[in-house]
Amino acid sequence: MILNERTIGGLHDFLFQDILPRHALPGAAAIDLGAGSGALAVRLSELGLNVTAVDINQENFKADMPFIQCDLNQSNFSSALGDGTFDFVIAVEVIEHLESPIVFLRNVRRLLKQKGMALISTPNMDNVPSRARFFLTGKLHMMDERVPNHISPIFYDLFTREYLPRAGFILIEHQLYPRKGFKVSRASYVWMFHLLAHLLPGHSLRGDINIFILQNQSRL
C-alpha cells in the first residue's frame with residue numbers, strides 16, 4: 001500500500017537522505033506526532049527505529065505499527081504518551097496546525113529522554129515569497145484561507161529567541177527545504193524571488209520549509 005505523504009513533494013526524501021541518518025539512530029524509541037497516514041512512520045521503522053505513531057484521526061492512519069489517538073492541542077498530552085520515554089520525537093508540518101506552539105514544544109521536551117532529540121518542521125514564514133505576499137496582500141504565504149488548518153505561523157527569530165528557551169530547548173541544527181529554492185511558488189515568479197533574496201536582509205530568505213533539530217537544555 002502506498003501511503004499519502006501530506007507534505008510538499010520531496011520533503012520526506014530530503015529528511016531521510018540528509019538529516020535523519022545523523023540524528024535518528026537504529027534501535028531508538030521514536031514517536032511521530034501528527035502521523036497522518038503513517039507514511040513517515042513506516043520509513044522511520046525501515047530506518048531501524050522503534051516507532052509509535054500519534055494522530056488525532058485514527059481513520060486516516062493506515063500503517064501496521066503502534067498507534068495512539070491523541071489531541072496535540074491538549075495542554076499535557078505528553079503524560080498520555082509517556083513522559084521521558086523517547087529518544088527521538090518528530091513532528092513534520094504539525095506545529096503550525098496547533099493552538100499553542102510553546103505548549104506543544106514543552107510537551108515534546110517532556111516526551112524525550114535526557115539525551116533525546118526532536119525534529120520539528122514548519123512552513124518558512126521568513127522567505128521571500130512570504131514577505132512579498134504579506135507586503136502586497138496583508139496575508140501570509142501558506143497561512144491564508146486556502147490552508148485553513150494552518151493557524152500558527154512560526155518565524156525564525158521568535159522561534160529561536162523566545163519559543164525554544166521558554167520550552168526548555170536549544171537549537172542544534174537548522175535546515176531549509178529546498179535549500180536554495182522555492183517549490184510552492186509559481187514558476188514565473190521564482191527568478192524574481194531569487195533576485196530579492198540577494199537584496200533583502202534577514203534570515204531564511206530561501207526555502208519553503210524550516211527544519212529544526214532540538215535538544216533539551218538540561219542536557220548541557
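Could you please let me know if Ala118 is of a type in the set (Gly, Ala, Ser), crowded, with 19+ Cβ neighbours inside 10 Å and on the phi < 0 side of the Ramachandran plot? Yes. Of note, Ile90 does not satisfy the criterion of being aliphatic (A, V, I, L, M) and part of a helix (DSSP H, G or I). Consider region 151-166 and keep the residues that are more than 20 Å from Gly202 (Cβ to Cβ) and open to solvent by less than 80 Å² (accessible area, probe 1.4 Å). The one that is nearest to the chain's Cα centre (by Cα) is Ser152.
Restricting attention to region 19-53, the residues that are under 15 Å from the mean Cα position of the chain (by Cα) and among the acidic types (Asp, Glu) add up to 1.
Highlighted here would be helices (runs of 4 or more DSSP H) found entirely within region 107-216 that include at least 2 residues which are touching a residue at least 12 places away in the same chain (Cβ under 8 Å), more than 23 Å from Gln74 (Cβ to Cβ) and touching a Ser or Thr at 6+ places or on another chain (Cβ under 8 Å), but there are none.
When His150, His194, His174, His198 are checked against the criterion of being modelled with pLDDT under 95 and closer than 26 Å to Pro101 by Cα, a single residue qualifies: His150.
For region 137-150, taking the residues that are surrounded by fewer than 15 Cβ atoms within 10 Å (Cβ to Cβ) and in contact with a helix residue (DSSP H, G or I) (Cβ under 7 Å, 6 or more places away or on another chain), the one that is farthest from Gly36 (Cα to Cα) is identified as Lys139. For region 62-106, filtered to residues that are more than 23 Å from Ser37 (Cβ to Cβ) and in contact (Cβ under 8 Å) with a residue 60 or more places away in the chain, the residue that is most open to solvent (accessible area, probe 1.4 Å) is Arg106. Which ones in region 47-79 are assigned to a loop (DSSP other than H, G, I, E, B) and small (Gly, Ala, Ser)? Of everything in region 47-79, those that are assigned to a loop (DSSP other than H, G, I, E, B) and small (Gly, Ala, Ser) turn out to be Gly48, Ala63, Ser75. Filtering region 9-46 to residues that are surrounded by 18 or more Cβ atoms within 10 Å (Cβ to Cβ), among the aliphatic types (A, V, I, L, M) and part of a loop (DSSP other than H, G, I, E, B) leaves Ala24, Ala28, Ala35.
If you check Leu25, Leu44 for being within 22 Å of Lys113 (Cα to Cα) and at pLDDT 95 or above, only one passes: Leu44.
The values are calculated or read from the model by the stated rules, or taken from the named source; none is laboratory data. In this text the structure is predicted, and so the values were computed from the model without any measurement. Positions of Cβ are backbone-derived with ideal geometry, glycine not excepted, and every protein chain shown enters the neighbour counts. Ligands, DNA and RNA are stripped out before the accessible areas are found, and what is left, the full protein with its side chains, is counted by its heavy atoms. Shrake-Rupley method; radii C 1.70, N 1.55, O 1.52, S 1.80 Å.
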